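To start, the structure itself, in structure tokens.
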């Protein structure tokens, strides 16, 4: 897959993130915060299992590698549960745009830190003035939204 096509797909998924977060937020207002989180993650489990069955070409041998994986690599699922609940509250309390802006600014900052320190086995990537400037501008944007 070309990098341009991958960037386009990721961009579209970013657009879907606002739709997903909005749906999660309003579902929580309808049925309850914990109930909506449970439903959303259950639906995600079903879809993930179906995608696994459809797309996985390696058979079941690699499932045993889960046992050998470092425990911190499973943080995505744990943090995801907290993210759905937190973002759902944010959508209702401060709106889709403000919640998304704060979420994206937080993701950028943490991504910059992960790159810089090379956490999770990634190559270290140095800071540069453009990255620092972009983070500063995003933080200013989040602050302006909260006024």
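Quick one: would you say residue 85 is within 21 Å of residue 106 (Cβ to Cβ) and in contact (Cβ under 8 Å) with a residue 12 or more places away in the chain? Yes, satisfied. For the stretch 122-136, what are the residues that are surrounded by 11 or more Cβ atoms within 10 Å (Cβ to Cβ) and assigned to a helix (DSSP H, G or I)? Those that are surrounded by 11 or more Cβ atoms within 10 Å (Cβ to Cβ) and assigned to a helix (DSSP H, G or I): 131, 132, 134, 135. Against the numbered list (1) in contact with a helix residue (DSSP H, G or I) (Cβ under 7 Å, 6 or more places away or on another chain); (2) farther than 22 Å from residue 18 by Cβ; (3) assigned to a helix (DSSP H, G or I); (4) without any contact (Cβ under 8 Å) to a residue 40 or more places away in the chain, residue 139 comes up short only at (2). Among residues that are at pLDDT 90 or above and under 14 Å from the mean Cα position of the chain (by Cα), residue 100 is not included.
Scanning the stretch 84-102 for residues being surrounded by fewer than 18 Cβ atoms within 10 Å (Cβ to Cβ) and farther than 15 Å from residue 35 by Cα gives a total of 7. Pairs are defined by a Cβ separation below 9 Å, a sequence spacing of at least 6 or placement on different chains, a first member in the stretch 100-123 that is at positive phi and without any contact (Cβ under 8 Å) to a residue 24 or more places away in the chain, and a second member that is assigned to a helix (DSSP H, G or I) and surrounded by 13 or more Cβ atoms within 10 Å (Cβ to Cβ); no pair meets this definition.
Please indicate, with yes or no, whether at least one residue in the stretch 67-81 is within 30 Å of residue 32 (Cβ to Cβ) and in contact with a helix residue (DSSP H, G or I) (Cβ under 7 Å, 6 or more places away or on another chain).
Keep residues of the stretch 67-81 that are within 30 Å of residue 32 (Cβ to Cβ), which gives 74-81.
When the remaining residues are screened for being in contact with a helix residue (DSSP H, G or I) (Cβ under 7 Å, 6 or more places away or on another chain), the result is 81.
Within the stretch 67-81 (the criterion being within 30 Å of residue 32 (Cβ to Cβ) and in contact with a helix residue (DSSP H, G or I) (Cβ under 7 Å, 6 or more places away or on another chain)), the answer is yes, since at least one residue qualifies.
Annotation: residue 106 fulfils all but one of (1) assigned to a helix (DSSP H, G or I); (2) surrounded by 12 or more Cβ atoms within 10 Å (Cβ to Cβ); (3) in contact with a helix residue (DSSP H, G or I) (Cβ under 8 Å, 6 or more places away or on another chain); the unmet one is (3). Exactly one of (1) modelled with pLDDT of 90 or more; (2) more than 20 Å from residue 14 (Cβ to Cβ); (3) surrounded by 11 or more Cβ atoms within 10 Å (Cβ to Cβ) is unmet by residue 81. Its number? In the conditions (1) modelled with pLDDT of 90 or more; (2) more than 20 Å from residue 14 (Cβ to Cβ); (3) surrounded by 11 or more Cβ atoms within 10 Å (Cβ to Cβ), residue 81 misses (1) alone.
Residues of the stretch 27-36 include at least one that is assigned to a loop (DSSP other than H, G, I, E, B), at pLDDT 90 or above and surrounded by fewer than 14 Cβ atoms within 10 Å (Cβ to Cβ).
The values are calculated or read from the model by the stated rules, or taken from the named source; none is laboratory data. Computed from a predicted model, the values in this text were never measured in an experiment. All Cβ positions, even for glycine, are placed from backbone atoms using ideal geometry, and neighbour counts span all protein chains on display.
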